[in-house]
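Notes follow the structure.
The values are calculated or read from the model by the stated rules, or taken from the named source; none is laboratory data. Keep in mind it's a predicted model, so treat the numbers as computed, not measured. Neighbour counts are summed over all protein chains in view; Cβ atoms, including those assigned to glycine, are modelled from backbone coordinates with ideal geometry. These area figures cover heavy atoms from the full protein model, side chains too; ligands, DNA and RNA do not enter into them. Shrake-Rupley method; radii C 1.70, N 1.55, O 1.52, S 1.80 Å.
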Amino acid sequence: MNQEEIIRQSILEDVGDGDHSSLACIDKSCQGQMKLLVKQDGILAGVEVAKQVLAIVDPAITMEQFMHDGDAIRKGDIVFIIHGPVQSMLTAERTVLNFMQRMSGIATSSNYYANLVEGTKTTILDTRKTTPNMRIFEKYAVKVGGASNHRFGLFDMVMLKDNHIDFAGGIEKAIDKTHEYLKSKGLNLKIEVETRSLDDVKRVLAHGGVDRIMLDNFSVEQCREAVAVIDGKCETEASGGITDETLRQYAETGVDFISVGALTHHISSLDLSLKFCKNE
């Protein structure tokens with residue numbers, strides 16, 4: 001599904017055969033306005049998605065926008081005010097907040113991790129640990145927060161992980177079979193291979209044919225040694241067992257990338273609220 005289809009499905013999931021709460025007590029002709037109120041400091045993401053939600057629910061809803069995706073927000077800020085049919089605004093409320101709260105939480109988390117490695121050569125990457133059908137929004141929020149996207153899915157990069165290597169019969173066989181497959185399909189995809197020890201790293205370097213080596217669950221010292229051995233022959237990525245307390249130490253080993261599943265997998269949604277406000 002594309003972005004619009006996902007948004008439409010999200011609205012349908014919530015509304016079903018009607019927003020009976022609003023239909024029951026709000027006159028169809030009633031007009032009003034609501035404000036998006038920030039209740040927690042962080043990084044804003046999802047305003048453009050909110051616009052799509054509102055337009056799908058009711059094109060008569062208009063938005064007066066004060067802040068934008070990527071802005072640092074503080075408790076008490078007003079991101080936007082929407083005007084229009086009250087029934088429609090109330091129907092859209094939860095879907096708007098579901099997207100914006102989660103996306104802003106991810107942007108805030110991404111900003112936090114990106115700031116931890118500021119001044120080093122390391123780029124923070126997300127992973128495929130995303131909410132089903134929400135990946136396009138969550139990966140966008142990662143970029144808004146200042147981190148970067150790894151591959152979007154299984155289709156746009158080859159990553160030979162431990163299971164691929166074990167089932168294929170070893171690192172060398174996995175790499176060779178991958179090259180044969182890509183050639184047969186006419187595909188030009190980058191190849192990353194996961195290594196579990198310095199010996200694995202040396203085997204990959206001796207064999208060649210990869211663009212990036214992942215250092216999986218390496219200690220800081222092992223990572224530093226591996227980066228020295230690789231010596232720029234291909235890109236390096238550290239992953240696994242890295243916390244915010246040790247992130248800077250890993251970055252200072254000279255590794256090109258650190259992938260952090262927590263950017264999208266272990267986040268808290270940012271506290272935002274869409275509230276009635278008086279017409280002035």
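A compact table of results
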{"quantity": "Long-range amide H partners of residue 32 with built H, under 5 Å", "calculated": "84, 86"}
{"quantity": "Hull shadow area, averaged, region 226-280 [alpha-carbon convex hull, nm²]", "calculated": "7.0"}
{"quantity": "For region 158-276, the spread of Cα positions along each principal axis, largest first, Å", "calculated": "61, 37, 24"}
{"quantity": "Restricting region 1-99 to trypsin sites (Lys or Arg not before Pro) in coil, as DSSP defines it, with at most 10 other Cβ within 10 Å", "calculated": "28, 74"}
{"quantity": "Degrees, to the nearest 10: 86-116 long Cα axis against longest axis of the chain", "calculated": "30"}
{"quantity": "Relative counts (whole %) of C-alpha pair distances in the chain, using bins that are 10 Å wide", "calculated": "6, 25, 26, 19, 13, 8, 2, 0"}
{"quantity": "The chain: angle of helix 3-15 to the longest principal axis, Cα-based, in degrees nearest 10", "calculated": "50"}
{"quantity": "Where labels lie 7 Å past Cα in the beta-carbon direction, separation of residue 41 and residue 183 in nm", "calculated": "5.7"}
{"quantity": "Accessible area (Å², per residue) of region 28-182, counting only protein heavy atoms and a probe of 1.4 Å", "calculated": "45"}
{"quantity": "Within straight-line cross-link reach of residue 185, lysines at Cα separation under 25 Å, skipping those fewer than 8 residues along the same chain", "calculated": "161, 173, 177"}
{"quantity": "Point-to-point label distance, residue 166-residue 48, nm (Cα→Cβ direction, 7 Å offset)", "calculated": "4.1"}
{"quantity": "Where trypsin sites (Lys or Arg not before Pro) fall in DSSP loop in region 142-191, at most 16 other Cβ within 10 Å", "calculated": "161, 190"}
{"quantity": "GluC sites (Glu not before Pro) restricted to DSSP loop in region 200-263 with at most 13 other C-beta within 10 Å", "calculated": "245"}
{"quantity": "Solvent-accessible area, 1.4 Å probe, carbon plus sulfur percent, for region 141-219", "calculated": "50"}
{"quantity": "Where N is the number of residues in region 8-141, Cα Rg divided by 2.2 N^0.38 Å", "calculated": "1.18"}
{"quantity": "Proximal lysines to residue 233, defined as alpha-carbon separation beneath 17 angstrom and excluding residues fewer than eight positions away on the same chain", "calculated": "121, 190, 202"}
{"quantity": "Cα centre as origin, Lys/Arg/Asp/Glu Cβ charges: region 202-267 dipole, Debye", "calculated": "220"}
